[in-house]
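The values are calculated or read from the model by the stated rules, or taken from the named source; none is laboratory data. Model, not experiment: these values are computed from the prediction. Backbone-built Cβ (ideal geometry, glycine too); neighbour counts: all protein chains shown. Protein only, heavy atoms only, side chains kept; ligands, DNA and RNA dropped before computing areas. Shrake-Rupley method; radii C 1.70, N 1.55, O 1.52, S 1.80 Å.
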Amino acid sequence: QGFSEWERYLDMLERMVKGQGLLLVLVLSVFDSVSGSCFDDPTASACGDVAVYYNIVEDSLKPICSALPWVTGCAVYRQCEGEQAEERYCRPWSIMASICPSTLHNSGSNPPAYAAQLDTLCSDYRSLCGPSGTAVAECSQPTVPNMITTPQATADVLQLCVVHPSMEWCVHCTSTTNSEECLDPLHTLASICLDHYMEDCARWYDMCREFPEGLDGICGNSDTDSYVLRNDDGELCVGIMKMYFHHGLSDYVLFRDWVPCTSSRYGGFFVVIVLLGIVANLVKAIRARLEQHWL
């Protein structure tokens, strides 16, 4: 009788194990089915469950930035790694949106040499977030506005360095075809444009003019950097170098930190310059009187 009891217990245990195994197989099959179908059709309502494929996309980040460190989105990734960027731009899917734009180059231009490699590494993300009407909620996470692509940043740096080859940052970016010779084009472009704005900084300005929070290393910080200012609309204002007669609120006035940017600052600089002119003429008149007296 004792033996039959044990047989019954063993039989129950075997059935439980088989049941759990069946349940596990069922769960895995559902997981594979849902995740697979989401890559084929991310507009399906079942694709709203990010847990199904979150790690697949998140795990792509480090390999991409290790293999292709010059990609501009990886500059944001490095800011995040150093805890120098706002958390909302450091979410894996936000960074992936910066790394994997829908296109790397302008129509009619040749794609960069690494485009095929990046396309492969970004294939999962683009499958989920590329189609219009995707149900994947993570695809709508905030990204850096007007993010500059790598070819754009590289081209802008090289154009700036053609005009001003003596700038110290030009040695860090010397080629559009060999990425090894331009390892961080976005940071190089930001360094040049924060130092003195020129016309080829327009794309950098479009990205930074609304001060994306937490991107101080790329866009500067008006609260801590005296040379980073805001205009009347609260947007980024930088001094512009123009080699011809002109006027405006973005002109340098005597010193690097003296850029009007706002109407009130413009009026203040006007008063200061008028007073300096008066003082200069008073000094000149006093000097002339003293010279006459000494003679």
Under 1.5 on a/c is rounded, so check that first for segment 123-164, then, if it is not, pick prolate when a/b is larger than b/c and oblate when it is not; a ≥ b ≥ c are the square roots of the alpha carbon gyration tensor eigenvalues. prolate
Inter-site label distance for ASP119 and MET167 at 7 Å from Cα along Cβ, in nm: 3.2
Exposure ranking of TRP294, TRP258, TRP70, TRP93 by accessible area [1.4 Å probe, largest first]: TRP294, TRP258, TRP70, TRP93
Add +1 for every Lys or Arg and -1 for every Asp or Glu among the other residues with Cβ under 10 Å from the Cβ of CYS90, and state the total. -2
Under a 5 Å amide H to amide H cut-off, with H placed in plane at 1.01 Å, what residues pair with TYR197 once short-range neighbours are removed? GLY239, MET241
